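Engineer: Supplied in structure tokens, the structure appears directly below.
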Amino acid sequence: MHNEGTALADATSNAVTRAAREVAVDADETSGSRSADAAAAEADSSPAEANSSRRQSGETAAEPAPDPASLRTATAIAAAVRDGTVTAGQIVDTALDRIHRGDARIDAFTTVRDERARAESRALADRADLDILPLAGVPVAVKNNIDVAGEITAAGSRAGTGVPAETDHPVVRRLRAAGAVIVGLTEMPEGGLWGVSDTPDRIVRSPWNLRYSAGGSSGGSGAAVSAGLVPIAHGNDGLGSVRIPAACCGVFGIKPGRGVVPSQVGVDSWGGMTENGVLATTVADAALMLSVLADRPALADLEPPSTLRIALAAGSPSPLIRVDRHWTAAAWTAARLADAVGHDVTPTQLPYQGATTALALRWPANAAREAGAVADHRLLQRRTRVHIALGRAVLRTGLVHAGQVDRIEARMLDFFEQHDVVITPTLAAPAPAARNWHARGWLANVVASVRFSPFTPLWNLIGWPAASVPMGRHPRTGTPLAAQLAGPPGSESTLLRLAAQLEAAQPWQRTPGA
């Protein structure tokens with residue numbers, strides 16, 4: 001583990017050039033910024049002394065400070081706050097205003113931390129290390145299934161204790177240490193069990209087409225980023241729950257491999273299948289946030305990778321599931337872009353054998369284990385109670401055992417002897433309609449989730465990293481398309497660097513109407 005101060009400084013150093021460039025782009029400013037030392041000196045002098053100093057050094061008058069509302073990426077925001085051209089308080093006020101004006105359309109947030117977020121943003125000004133914080137003043141949304149001190153961790157359910165958390169989850173602590181401000185908590189389906197995000201209180205919708213779900217289970221985080229309410233958001237992923245909403249909402253999302261970021265989600269992080277990850281409108285923002293969550297500053301470095309051996313596996317994981325041709329085309333588009341930037345791409349098939357059965361058993365079994373921490377089972381939704389009951393039956397049979405996963409992972413290790421990365425569609429079809437799925441039956445929910453998201457769960461089962469990259473929009477629904485990138489343990493940096501190349505080759509529209 002890196003020393004915290006060193007890690008934060010290194011992360012800032014890795015991102016500073018790119019961040020400075022993005023400040024200019026986001027704020028529509030010209031180049032020619034002064035050094036941090038010169039800016040600090042002027043901050044300590046009077047306006048007349050500062051102007052005299054600039055004249056003597058041959059500098060022109062300072063450019064106007066950027067409008068906080070014009071800074072839309074985490075890298076640009078953090079650079080501006082570190083430089084002192086805007087304050088964290090201004091940035092957070094702007095974000096809160098956006099949330100209050102825009103969230104009614106998409107219902108992404110369960111809690112907006114107005115007063116606490118404002119107080120925390122203003123306290124940043126007193127930090128001696130403000131000028132080296134990689135996420136200085138960046139507004140962040142957190143999925144409401146990890147603890148944020150003083151807030152209720154509801155996990156999309158009315159069956160919890162209703163008692164506010166006393167301490168922050170390790171991920172939240174790392175975000176705060178890096179200078180981020182938690183502006184709100186985002187909605188999710190009950191227990192994170194489903195691929196759509198709705199509760200009796202709200203239905204989370206895709207900002208691209210409000211008739212469609214934002215996906216799940218990190219649907220609130222995906223919608224909040226896609227709508228431009230926050231530049232980055234936390235999510236976690238046990239069967240695809242970062243990548244599914246990333247694909248539904250047209251943002252970049254990455255699930256790291258097992259052990260890269262502290263998990264500690266629920267009872268046992270879904271038997272080790274769940275990881276905390278990131279959703280962002282740009283790969284650079286996601287890489288920066290992941291570098292903080294992992295305490296690995298090098299993850300923010302997006303220099304192009306050397307030539308990669310890339311497998312294109314666009315076929316369905318199951319003969320029972322048909323893949324929409326536009327989603328297949330999204331994977332082929334990503335492959336063509338990768339080929340165009342110099343990688344070696346080979347169409348092939350992934351060895352999915354055994355994965356469907358192993359996942360079908362673990363989905364309800366993990367829910368049953370998590371149910372041990374539920375305060376009042378009578379308040380659980382009907383679909384959840386059925387899922388838990390089925391899971392208990394599965395656990396009694398002893399059908400869930402490590403050998404299943406070991407065999408699947410062994411086949412994948414053999415596959416990746418010949419490949420560095422695999423590209424698949426992220427989803428098999430557009431998201432289900434935005435509706436009250438929690439009020440429908442168990443079978444309807446299972447079929448809806450399985451039918452549109454069969455590509456993502458494998459990587460949770462074996463604990464390997466995977467990401468979703470936007471690849472255009474569906475001509476029928478107007479909702480986003482996306483390709484999934486996945487690789488062996490330790491390939492997070494490779495996936496991020498490849499994703500950055502794809503983004504540069506085919507930039508995506510960050511938010512609807514942008």
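The values are calculated or read from the model by the stated rules, or taken from the named source; none is laboratory data. From a predicted model like this one, the values you see are computed outputs, not experimental measurements. Reconstructed Cβ throughout: ideal geometry from the backbone, glycine too, with neighbour counts over all protein chains shown. Quick note on the areas: whole protein, heavy atoms, side chains included, nothing else; ligands and nucleic acids left out. Shrake-Rupley method; radii C 1.70, N 1.55, O 1.52, S 1.80 Å.
Engineer: In whole Hz and in residue order, list the ³J(HN,Hα) couplings for the range 427-441 that follow from phi through the Karplus curve 6.51 cos²θ - 1.76 cosθ + 1.60, θ = phi - 60°; x for Gly and Pro.
Structural biologist: 10, 9, 6, x, 4, x, 4, 6, 8, 7, 5, 5, 8, 8, x
Engineer: Could I ask something else about it? Once the whole set of protein chains is in place, how much accessible area is left on Ser217, using a 1.4 Å probe, in Å² to the nearest 10?
Structural biologist: 0 Å²
Engineer: While we're looking at this one, here's another question. Given a Förster distance of 30 Å, report the FRET efficiency between Asn436 and Arg476 from their Cβ-Cβ distance, rounded to the nearest 0.05.
Structural biologist: Details: r = 23 Å, r/R0 = 0.78.
For Asn436 and Arg476, the calculated efficiency is 0.80.
Engineer: Could you put Arg118, Arg325 in order of accessible surface area, largest first, with the 1.4 Å probe and the full protein assembly present? Let's see the in-between values first.
Structural biologist: Values: Arg118 65, Arg325 175 Å².
If we order Arg118, Arg325 from most to least accessible, we get Arg325, Arg118.
Engineer: Using 1/(1 + (r/R0)^6) with R0 = 51 angstrom and r between the beta carbons of Leu379 and Ala410, what's the FRET efficiency to the nearest 0.05?
Structural biologist: On the way: r = 42 Å, r/R0 = 0.83.
The calculated FRET efficiency here is 0.75.
Engineer: Give me the compactness ratio for the range 154-220, meaning the Cα radius of gyration over 2.2 N^0.38 Å.
Structural biologist: Numbers: Rg = 13.8 Å, N = 67, 2.2 N^0.38 = 10.9 Å.
Working it through for the range 154-220, the quotient is 1.27.
Engineer: Moving to a separate point now. From the protein chains alone at 1.4 Å, what is the descending order of accessible area for Ile203, Ile152, largest first?
Structural biologist: Ile152, Ile203
Engineer: Within the accessible area of the range 68-505, what % is carbon and sulfur when the probe is 1.4 Å and the other protein chains stay in place?
Structural biologist: On the way: 7700 of 14850 Å².
Carbon-and-sulfur percentage of accessible area, whole number: 52.
Engineer: On to the next question. Can you tell me the 0 to 90 degree angle between the C-alpha axis of helix 382-397 and the longest principal axis of the chain, rounded to 10?
Structural biologist: 60 degrees
Engineer: Fully extended, how many nm does the chain gain between Asp131 and Arg392 (0.36 nm per residue separation, minus their Cα-Cα distance)? Please report the intermediate quantities before stating the final value.
Structural biologist: Working: separation 261, 0.36 × 261 = 93.96 nm, distance 5.20 nm.
Net length gain for the segment: 88.8 nm.
Engineer: Further, regarding this structure: How many angstrom separate the Cα center of the range 201-231 from the Cα center of the range 64-129?
Structural biologist: Centre-to-centre (Cα) distance: 20 Å.
Engineer: Would you kindly find the accessible area of Asp339, with a 1.4 Å probe and non-protein molecules such as ligands, DNA and RNA excluded, rounding to the nearest 10 Å²?
Structural biologist: 90 Å²
Engineer: Taking 8 Å as the Cα distance limit and 6 or more residues as the minimum spacing, I'd like the relative contact order of the range 68-505 as a percentage.
Structural biologist: RCO, the range 68-505: 18 percent.
Engineer: Using a simple charge model, +1 on the beta-carbon of Lys and Arg, -1 on the beta-carbon of Asp and Glu, nothing else, what dipole does the chain show about its Cα centre, in debye to the nearest 20?
Structural biologist: Details: 48 positive and 51 negative charges, 507 e Å.
Taking the Cα centre of the chain as origin, the dipole is about 2440 debye.
Engineer: To the nearest µm²/s, what D does Stokes-Einstein give for the range 72-124 at 4 °C and 1.567 mPa s, using the Kirkwood radius over alpha carbon pairs as Rh? Write out the running numbers ahead of the final one.
Structural biologist: On the way: Rh = 11.9 Å.
The diffusion coefficient I find is 109 µm²/s.
Engineer: For Leu443 and Ala65, FRET efficiency with R0 = 56 Å and r from the beta-carbon atoms, rounded to 0.05? Present the calculation step by step, with values, prior to reporting the outcome.
Structural biologist: Numbers: r = 57 Å, r/R0 = 1.01.
Plugging the Cβ-Cβ distance into 1/(1 + (r/R0)^6) gives 0.50.
Engineer: Which length gain, in nm to one decimal place, applies between Asp268 and Asp97 when the Cα-Cα distance is subtracted from 0.36 nm times their residue separation?
Structural biologist: On the way: separation 171, 0.36 × 171 = 61.56 nm, distance 3.69 nm.
Extending this stretch completely gives an extra 57.9 nm.
Engineer: Working from the alpha-carbon coordinates of the chain, get Rg over Rh, Rh being the Kirkwood radius. Please list the in-between numbers first.
Structural biologist: Working: Rg = 22.5 Å, Rh = 23.0 Å.
Taking Rh as the inverse mean 1/r over Cα pairs, Rg/Rh reads 0.98.
Engineer: So for the range 349-508, averaging the separation of alpha carbon pairs under 8 Å that are six or more residues apart and normalising by length, what relative contact order in percent results? Each step should come with its number before you reach the end.
Structural biologist: On the way: 184 pairs, mean separation 36.8, N = 160.
That works out to 23 percent.
Engineer: A further question follows. With every protein chain kept in the model, how would you rank Thr73, Thr153, Thr161 by accessible area, 1.4 Å probe, largest at the top?
Structural biologist: Numbers: Thr73 0, Thr153 45, Thr161 105 Å².
Ranked list, largest accessible area first: Thr161, Thr153, Thr73.
Engineer: Could you list which residues have their amide H under 5 Å from that of Val345, counting only those 5 or more apart in sequence or on another chain, with H placed in the peptide plane?
Structural biologist: It is Ile310, by chain and number.
Engineer: Using all alpha carbons of the range 221-295, what is the percent of pairwise distances in each 5 Å bin, ordered from the shortest bin to the longest?
Structural biologist: Values per bin, smallest distances first: 3, 20, 29, 24, 16, 7, 1.
Engineer: Have a look at Gly89, Gly266, Val374 and report the one farthest towards the positive end of the charge dipole of the chain, computed about the Cα centre with Cβ charges (Lys/Arg +1, Asp/Glu -1).
Structural biologist: Val374
Engineer: With labels modelled as points extended 7 Å from the Cα through the Cβ direction, what inter-label distance (nm, one decimal) is found for Gln509 paired with Glu417?
Structural biologist: Result: 4.7 nm between the two label points.
Engineer: Then there is this: Once phi is turned into ³J(HN,Hα) by the Karplus curve 6.51 cos²θ - 1.76 cosθ + 1.60 with θ = phi - 60°, what whole-Hz value does each residue of the range 482-490 show in order, with x for glycine and proline?
Structural biologist: Listing the rounded values in order: 7, 10, 9, 10, 9, x, x, x, x Hz.
Engineer: If you line up the Cα atoms of the range 381-465 on their principal axes, what length do they span on each, largest first, in Å?
Structural biologist: Cα extents, longest axis first: 46, 36, 15 Å.
Engineer: At 222 nm, what value in deg cm²/dmol follows for the chain if DSSP H runs of at least 4 each add -39500 (n - 2.57) and the sum is divided by all its residues, to the nearest 500?
Structural biologist: On the way: 18 runs with 212 residues, N = 514.
When only DSSP H runs of four or more count, the value is -12500 deg cm²/dmol.
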